[in-house]
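Engineer: Below is the structure I would like to discuss, written out as structure tokens.
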Amino acid sequence: MKKTNFILIQARIGSKRLKNKVLRKIQGKSILELVIQRLKKVKNSQIVVATTSLAEDIQVEKIAKKLKVKVFRGSTNNVAKRLLDAAKFFKQKKFVRINADSPFIEPKLIEKVLAFGQKKSFDIVTNCFPRRSESGNSVELINTDSLSKIFLKKNKINKSHKEHVTKFFYENEKNFKILNFVNKKKIFSVNNKLSVDTYSDLIRLRNHSKKLYKK
């Protein structure tokens, strides 16, 4: 029996640059809904939405449950701990980390990263170090124990490391086994931006959504 590919979506209402962005709609669907629907296309996958324990994020939980996806609620500001706690709760040795602001995430790209990661031992498999895909198609396959050890040891963990889950790996690359994934088939240009951080991003992706989905 094949092992399930475990995917964690980090999502929250209180985005600083664009509040409620995961609830904003493109083609009549919330961004979070689009992300979940895309990830459901990943073969043999289990999807969990990791959100905060804040009352406002009940809206995130409702969308996930409506789409029959499990939810883990944890730390508000320490995103790394939230994802780590979620992975441990579901007893997963590794997990794919996806941001909830990526409505055009490519399922086949995730499958390729997963396949690549199965061939060798690693701390993290990434297409972000250096960046090999445009923003919105970032995929990171993280070893749960490796992430756990970062926070157990007396490392110089700062606020930025807690918020940007994999930043410590990249800043200390000599201490970790980082596999850099390169997708031979180019889906889009790395100069494109397919994630939603600002209102202008949202408007642009709304305008181009039909074209992007066709591709």
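Engineer: Where the accessible area of the chain is counted over protein heavy atoms with a 1.4 Å probe, how much of it, in %, is carbon and sulfur?
Structural biologist: It is 50 percent, rounded to a whole number.
Engineer: Can I ask one more? Rounded to the nearest 500, what is the 222 nm mean residue ellipticity of the chain from helices alone, with -39500 (n - 2.57) per DSSP H run of 4+ residues and division by all residues? Kindly include the intermediate steps, with their values, before the conclusion.
Structural biologist: Details: 8 runs with 76 residues, N = 215.
-10000 deg cm²/dmol, from helical runs alone.
Engineer: For the chain, set up a Gaussian network in which alpha carbons nearer than 10 Å are linked by springs, and say which option among Leu67, Leu202, Leu83 fluctuates the most.
Structural biologist: Top of the fluctuation ranking is Leu67.
Engineer: Once you order the gyration tensor axes a ≥ b ≥ c over the Cα atoms, which shape class does the stretch 1-110 get: rounded for a/c under 1.5, otherwise prolate or oblate by comparing a/b with b/c? List each step's numbers first, then the result.
Structural biologist: Working: a/c = 1.80, a/b = 1.16, b/c = 1.55.
Cα axes put the stretch 1-110 in the oblate bin.
Engineer: Report, by chain and number, residues whose modeled amide H sits under 5 Å from the one on Asn5, excluding near sequence neighbours (fewer than 5 apart, same chain).
Structural biologist: Ser45, Gln46
Engineer: Still on this model: Rounded to whole Å and sorted largest first, list the principal axis extents of the Cα atoms in the chain.
Structural biologist: 45, 43, 37
Engineer: Beyond 17 Å, what share of the Cα-Cα pairs of the stretch 64-174 is found? Please give it as a whole percent.
Structural biologist: Details: 3538 of 6105 pairs.
Distances greater than 17 Å cover 58 percent of the Cα pairs.
Engineer: For the stretch 33-80, which semi-axes, largest first and in whole Å, follow from the square roots of 5 times the eigenvalues of its Cα gyration tensor?
Structural biologist: Details: eigenvalues 84, 31, 13 Å².
The equivalent ellipsoid of the stretch 33-80 has semi-axes of 20, 12, 8 Å.
Engineer: Where the convex hull is taken over the Cα atoms of the stretch 112-208, what is its projected area averaged over directions, in nm²?
Structural biologist: 7.6 nm²
Engineer: How would Val60, Val182 rank on accessible area, largest to smallest, probe 1.4 Å? Working shown, then result.
Structural biologist: Numbers: Val60 0, Val182 80 Å².
Largest accessible area first, the residues go Val182, Val60.
Engineer: I'd like the antiparallel share, as a percent to the nearest 5, of DSSP beta bridges with both residues in the chain. Intermediate results must be reported in sequence, preceding the final value.
Structural biologist: Details: 10 of 29 bridges.
For the chain, the DSSP antiparallel bridge percentage is about 35.
Engineer: Heavy atoms only, 1.4 Å probe, whole protein assembly: order Leu54, Leu147 by accessible area, highest first.
Structural biologist: Leu54, Leu147
Engineer: Same structure again: Straight-line reach from Lys108: which aspartates and glutamates have a Cα under 19 Å away, not including same-chain ones fewer than 8 places off?
Structural biologist: Glu33, Glu134, Glu140
Engineer: Turning to a different aspect of this structure: Which whole-Hz ³J(HN,Hα) couplings does the stretch 69-78 yield from phi under the Karplus relation 6.51 cos²θ - 1.76 cosθ + 1.60, θ = phi - 60°, glycine and proline marked x?
Structural biologist: 10, 6, 10, 10, 10, x, 4, 7, 9, 8
The values are calculated or read from the model by the stated rules, or taken from the named source; none is laboratory data. This one's a predicted model, so the numbers in the text were calculated from it and none came from an experiment. Accessible surface areas use protein heavy atoms only, side chains included; no ligands, DNA or RNA. Shrake-Rupley method; radii C 1.70, N 1.55, O 1.52, S 1.80 Å.
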